[in-house]
Amino acid sequence: MTGTRIRRARTEDAAAVGDVLAEAFDDYPWIRWAFGEHRRRERLRELYRLQAGLAGAEAGGTWVAERGGAVVAAACWARPDDPPPSPATRRLLAEGIPPLLGDRAAALEAAEAAGAHARPPEPYWLLGCVGTVPRERGRGIAAALLAPGIRALDAEGATAVLETSSAANVRFYERLGFGVRAELDPPGGAPHVWVMERPPRRARPAEAPRR
């Protein structure tokens with residue numbers, strides 16, 4: 001981890017966030033099913049630029065890892081009390097995302113709805129994505145990138161939820177305190193999904209001074 005800097009993303013990082021996450025998820029099972037082969041990397045780049053790079057950064061939920069001055073990983077959390085995107089970003093999302101999904105929009109909506117039914121009823125933080133470019137994997141960057149969010153979760157006693165289509169990811173997230181809440185096979189031939197939950201943990205209260 002020497003030489004790696006973790007910081008909150010700024011909206012000026014949007015293009016870099018899109019590039020990194022598109023590269024990180026290009027071969028991910030869910031993404032391959034959802035986007036197919038046609039211009040997948042290009043469409044992913046723009047989707048992540050809008051969702052994580054702009055909307056996520058505006059809300060303060062996107063974090064990046066830098067090495068050598070370049071963004072090499074990004075993660076995006078969504079909190080239940082996040083403010084709505086700015087009017088300009090809302091317009092970009094409304095106009096930009098439908099063409100990126102194309103004729104896959106209905107299938108994606110149905111598959112995502114199936115996963116949403118397996119989430120807890122109480123408010124939770126959603127870990128939307130965390131990805132590291134392949135050449136930088138194996139350095140512990142993803143865990144370091146998630147650490148600020150996990151510390152905030154523990155300080156607030158909040159629940160976190162995520163969904164993954166990778167058994168290797170399940171093991172990674174288990175090491176961070178997540179457990180499998182449900183498994184499902186969404187409609188439309190979508191890959192198997194593990195819905196994972198990290199239960200609330202209260203920060204340990206400070207000890208009273210001894211008299």
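Throughout, read-outs are computed from the coordinates displayed, never taken from laboratory work. Please read these numbers as outputs of a predicted model, since none were measured by experiment. Please note: Cβ atoms are built from the backbone with ideal geometry, for glycine as well, and neighbour counts cover all protein chains shown.
With the structure loaded, tell me whether Ala74 is surrounded by 21 or more Cβ atoms within 10 Å (Cβ to Cβ), touching an Asp or Glu at 6+ places or on another chain (Cβ under 9 Å), in a helix (DSSP H, G or I) and not aromatic (Phe, Trp, Tyr) or whether it fails that test. It is false that Ala74 is surrounded by 21 or more Cβ atoms within 10 Å (Cβ to Cβ), touching an Asp or Glu at 6+ places or on another chain (Cβ under 9 Å), in a helix (DSSP H, G or I) and not aromatic (Phe, Trp, Tyr). Close Cβ contacts (under 6 Å, 6 or more residues apart or on different chains) running from residues in the stretch 185-201 that are within 21 Å of Asp27 (Cα to Cα) to residues that are of a type in the set (Ser, Thr, Tyr) and surrounded by fewer than 21 Cβ atoms within 10 Å (Cβ to Cβ) comprise Pro191/Ser165; Val193/Ser165. Just so you know, in the stretch 154-175 the residues that are among the aliphatic types (A, V, I, L, M) and out of contact with any Lys or Arg (no Cβ under 7 Å at 6 or more places or on another chain) include one that is surrounded by the most Cβ atoms within 10 Å (Cβ to Cβ), and it is Leu162.
Annotation: Arg49 fulfils all but one of (1) within 22 Å of Glu136 (Cβ to Cβ); (2) touching a residue at least 40 places away in the same chain (Cβ under 8 Å); (3) basic (Lys, Arg); the unmet one is (2).
Among residues of the stretch 74-102 that are of a type in the set (Lys, Arg), those with a beta-carbon under 6 Å from a residue that is buried (at least 16 other Cβ atoms within 10 Å of the Cβ) at least six positions away or on a different chain give the pairs Arg79/Trp125. Of the strands (runs of 3 or more DSSP E) that lie entirely inside the stretch 101-211, those containing 2 or more residues that are more than 14 Å from the chain's Cα centre (by Cα) and farther than 16 Å from Ala75 by Cβ span 179-184, 193-198. Does Glu66 satisfy the condition of being closer than 24 Å to Thr4 by Cβ and either touching a residue at least 24 places away in the same chain (Cβ under 8 Å) or part of a loop (DSSP other than H, G, I, E, B) (or both)? Here the answer is yes, as Glu66 does meet what is asked. Checked against the criterion of being buried (at least 19 other Cβ atoms within 10 Å of the Cβ) and out of contact with any Gly (no Cβ under 7 Å at 6 or more places or on another chain), the candidates Leu50, Leu54, Leu21 yield just one match: Leu54.
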